[in-house]
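Here the structure comes first, spelled out in structure tokens, and everything after it is commentary.
The values are calculated or read from the model by the stated rules, or taken from the named source; none is laboratory data. Just so we're clear, the structure is a prediction, and the values are computed from it rather than from any experiment. Quick reminder, even Gly has a Cβ in these numbers, built from the backbone with ideal geometry, and neighbours come from all protein chains shown.
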Amino acid sequence: MSPEILTSFQWILLIGGGAVTGIPLLFFAVAAQRLPFSTLGFFQYIAPSIQFLSAVFFFHEPFDHSRLIGFSSIWLALGIFILHLRFTPKAADLTWSAARVHKD
């Protein structure tokens, strides 16, 4: 569809769709600057996991043994990583505190 054929309502939808997409991304960018990279990295696993679980439970995608092993391995590794962060926070806290002192 070329731009000459679009109606004014379609132009409004097109521009509005850009705003609806861009504004949450701006909020995410601002929030991401205030989070430690470890937390931000963990959040990056949530959306693909929700998509994967939706595909399996709502759209009845095949979920064989190998996919179960892969999915479980990823979340087991993330669990180990989070436990490591939980029980050794001193180094991360010092780095985060030093970064905040130099930023101000």
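Suppose the filter is assigned by TED's automatic domain parsing to the domain that holds Trp75 and under 30 Å from Arg67 (Cβ atoms); does Phe28 pass it?
So Phe28 fails the test.
Which residue pairs have Cβ atoms closer than 6 Å, lie 6 or more positions apart in sequence or on different chains, and pair a first residue in region 42-70 that is free of Cβ contacts under 8 Å to residues at least 12 places away in the same chain with a second residue that is surrounded by 11 or more Cβ atoms within 10 Å (Cβ to Cβ) and assigned to a helix (DSSP H, G or I)?
Glu61/Ala55; Phe63/Val56
Determine if region 2-10 includes at least one residue that is over 30 Å from Ser72 (Cβ atoms) and of a type in the set (Val, Ile, Thr).
Yes, some residue in region 2-10 is over 30 Å from Ser72 (Cβ atoms) and of a type in the set (Val, Ile, Thr).
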